[in-house]
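*Asks:* Dropping the structure in here first, questions after.
The values are calculated or read from the model by the stated rules, or taken from the named source; none is laboratory data. Computed from a predicted model, the values in this text were never measured in an experiment. Please note: Cβ atoms are built from the backbone with ideal geometry, for glycine as well, and neighbour counts cover all protein chains shown. We work out accessible area using only protein heavy atoms, side chains counted, and drop any ligands, DNA or RNA first. Shrake-Rupley method; radii C 1.70, N 1.55, O 1.52, S 1.80 Å.
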Amino acid sequence: NTIFGISLIHGIEAFSARQSDVLETEVPFDYTPSGQSLGGYSRKISKITGNVPNFFGGLKKIQITFEKMQEIIKVSENVFRNEKLNESLLFLLESNTHLKNSEFSQAYIFCWLIVEQYISKKFSALLSEKKDNEGILGKNKDPNKKGIRQKVDILHSKEKLNDQEYTFLIEYIKKRNNFVHSGKIITESDAENLFKFAFKIIQDAISTEIE
């Protein structure tokens, strides 16, 4: 799945492989199926066309160069060693899979996990810059007791988030809260917009990782 996630970052449509999707079988080389082979494509049809079908299991197959595959695997190895980054990448891949299946609420929540990690990381970095954090944390000096809205407000006031990011995050914090606490529906547009935001977060993090 890490390889699939990096493929997604490289602009290749990819989806999460789940345990229920994995199939293992052994087929003798001289076996001739009476009906259709695995994947629903008969051996005779494959021989006639001489090509691998463009679609398998409802998903389009995409050909990439050997060099591109080597690049993807190399980046995947680097990301896999970073447990937190790899986890976030897999969240993004899961979100894309849910989007493909029109499961917009699930897609939104997986991206929201990425956003929360992003905000928490930026907030921790801000605190590490300051010798005296009382002006940031106020009387309650425990940063873990700051909610994400408070962290976003503080990051914006300290110019760690620009106005566009701040406006977007405030809007999508409200959407998240309305969904979790009031059951308000997450629309396709909501899920897609948050996915794009989370995608950029992961893309930038991976670029930093491999530099």
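*Asks:* Run the numbers for Lys158 and Gln70: contour at 0.36 nm per residue of separation, minus the present Cα-Cα distance, in nm. Display every interim value, and only then the final one.
*Replies:* Values: separation 88, 0.36 × 88 = 31.68 nm, distance 4.13 nm.
That pair, Lys158 and Gln70, stretches by 27.6 nm at full extension.
*Asks:* Also: How far apart, in nm, are two points set 7 Å out from the Cα along the Cα-to-Cβ line at Glu13 and at Glu77?
*Replies:* 3.0 nm
*Asks:* Another question, then. In nm, to one decimal, how far is the Tyr166 label point from the Glu192 one, both placed 7 Å along Cα→Cβ?
*Replies:* Between Tyr166 and Glu192, the simple spin-label model gives 2.9 nm.
*Asks:* At 1.4 Å probe size, what's the solvent-accessible area of Lys174? Round to the nearest 10 Å².
*Replies:* Lys174 has an accessible surface of roughly 120 Å² with all protein chains in place.
*Asks:* Using r as the Cβ-Cβ distance of Asn178 and Asn101, and R0 as 22 Å, what FRET efficiency do you calculate, to the nearest 0.05? Don't skip to the end; give the middle numbers.
*Replies:* On the way: r = 23 Å, r/R0 = 1.03.
E between Asn178 and Asn101, to the nearest 0.05, is 0.45.
*Asks:* Regarding the range 155-211, what is the average projected area of its C-alpha convex hull, in nm²? It would help to have the intermediate numbers written out before the result.
*Replies:* Working: hull surface 19.9 nm².
Seen from a random direction, the Cα hull of the range 155-211 projects 5.0 nm² on average.
*Asks:* Something else now. Once you've got the Cα coordinates, tell me which of Lys84/Lys200; Lys74/Lys200; Lys61/Lys121; Lys146/Lys174; Lys158/Lys196; Lys100/Lys122 are over 28 Å apart. Numbers along the way, then the final one.
*Replies:* Numbers: Lys84/Lys200 16 Å; Lys74/Lys200 20 Å; Lys61/Lys121 37 Å; Lys146/Lys174 17 Å; Lys158/Lys196 25 Å; Lys100/Lys122 30 Å.
The answer is Lys61/Lys121; Lys100/Lys122.
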